[in-house]
1. Quickly run through the stretch 140-176 and pick out the residues that are of a type in the set (Phe, Trp, Tyr) and either modelled with pLDDT under 95 or within 25 Å of GLY77 (Cβ to Cβ) (or both).
2. Which of (1) touching a residue at least 60 places away in the same chain (Cβ under 8 Å); (2) under 18 Å from ILE70 (Cβ atoms) is the odd one out, the single condition LYS132 does not satisfy?
3. Could you check how many residues of the stretch 113-139 are surrounded by 16 or more Cβ atoms within 10 Å (Cβ to Cβ) and among the polar types (S, T, N, Q)?
4. Name the pairs: first residue in the stretch 145-161 and crowded, with 16+ Cβ neighbours inside 10 Å, second residue outside any strand (DSSP E or B), Cβ to Cβ under 6 Å, at least 6 apart or on different chains?
Amino acid sequence: MKPATGKHLLLVLLVLCLTCTSRYRLNLYLVVDGVDKKVKVETTEYVQGATIADPFAEDKLTAGDGNCIILSLGRRGEKQEVGSYSFMGYDEYLRCLLYLQLPLKPEADTINLQRNSFVQFMGRYDVPAEEKIFLPESGTLVVDSLVDKRLYGTVDGAYTNKQGQEVGFTGRFKVKIAR
């Protein structure tokens, strides 16, 4: 067997690094019609002493014995054509808020999404507000770990609005928490 050269060693290290970083990458996906579309976590908010209120009310959170995470998610959409001219169009930017309920003292645990989350799509002013609220049908939120002032979580859930339209979210995220 030949001893490893500098090039071979560098290649092995590069492959190991890429393998390790992809395992810990925090990718979150919007699932529509069975197709995963990567979304960007634009902002995260950790609200202490709050619980999810009525998703259809103006105030989505209320004071209570819990904590909430609000993930602001965005994704560049498909080209939308305007009229019969294909050169007149725009790329929609889809934005939504994913609300997640946590217990008062969060710890590594699995939480059922039903009654503990909902999704609100933003924009699309031609759509009634109640059609932009999606309630959980199934799924879980897993608090993977709490490290320093960061909570690492995994969400995997299916949501439906009043018209029966379905969306899902699957993937990982992190949020800064106050401890």
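1. At the first step, the residues of the stretch 140-176 found to be of a type in the set (Phe, Trp, Tyr) are 152, 159, 169, 173.
Answer for the stretch 140-176, where residues must be of a type in the set (Phe, Trp, Tyr) and either modelled with pLDDT under 95 or within 25 Å of GLY77 (Cβ to Cβ) (or both): TYR159, PHE169, PHE173.
2. (1)
3. Residues that pass the stated criteria total 3.
4. Note: pairs meeting the criteria are LEU151/ILE177; GLY157/LEU113; ASN161/GLU131.
The values are calculated or read from the model by the stated rules, or taken from the named source; none is laboratory data. These numbers come from a predicted model, not from an experiment. All Cβ positions, even for glycine, are placed from backbone atoms using ideal geometry, and neighbour counts span all protein chains on display.
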